[in-house]
1. Sorting check: for 65-73, 98-106, 138-146, which peptide has the highest mean count of neighbouring beta carbons within 10 Å, and how do the rest follow?
2. If the limit is 21 Å between Cα atoms, which of Lys29/Lys90; Lys30/Lys90; Lys67/Lys140 go over it?
3. Go ahead and run the numbers for FRET between Ile38 and Asn145, Cβ-Cβ distance against an R0 of 25 Å, rounding to 0.05.
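Nothing in this text is a laboratory measurement; each read-out follows from the coordinates by a stated rule. Here the structure is a predicted model, which means the values were calculated and not measured. Methodologically, a virtual Cβ is constructed for each residue, glycine included, from the backbone with ideal geometry; neighbour enumeration extends over all protein chains shown.
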Amino acid sequence: MKVNFLQLCVVLLAVMVAAVADDEVPLSKKTWVTPQPIAAVTVASGKPAKVEMKFRVTDGYHINSNKPGSELLIPTALKFDVPTDLGVGKVTYPAGKELTLAIAPDQPLNVYTGEFVVTALVSATRTATPGNYKVHAGLKYQACNDRACFPPREAPIEFDVKVTRGTASSHTVKNPPQSPHVHR
């Protein structure tokens, strides 16, 4: 039996409304992903450092991975708001787990469950002022259980970055080796 996208949405919406009706927490207040504390990062101007961001998905639920396997699914993604002179790049998402649901057995999903870690490189420009900075970000995700998918959410996160001066050798131009002969 082939299920088209519209039929799937109607069924999921009906199940979602029924599931939420019995829940004491309003759907608008529900969260399914909890960010874990993030260790502060120290970067030298011009040299990136790795930051690890850990998340926990509520038991009994899953969220689409960063590459969920279908353009119709909302991928999990981090969006950063960084101070001037800082940058965040090379964001690496973990591989998801394959999950097949009874409602769509011919369309396996790629999801995160339990705990997962996203890493990124934080850097400061060579002209960055040494000091302490705070990076804000949001993990956008869509949570589902085996009966329903829920509206997308964003889990806010933040972490501290300490910028130090780069090493002196990286800023100093060395003179070329000199001849041992005296020139007159």
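1. Ranking the peptides 65-73, 98-106, 138-146 by packing returns 138-146, 65-73, 98-106.
2. Lys29/Lys90; Lys30/Lys90
3. That gives a FRET efficiency of 0.40.
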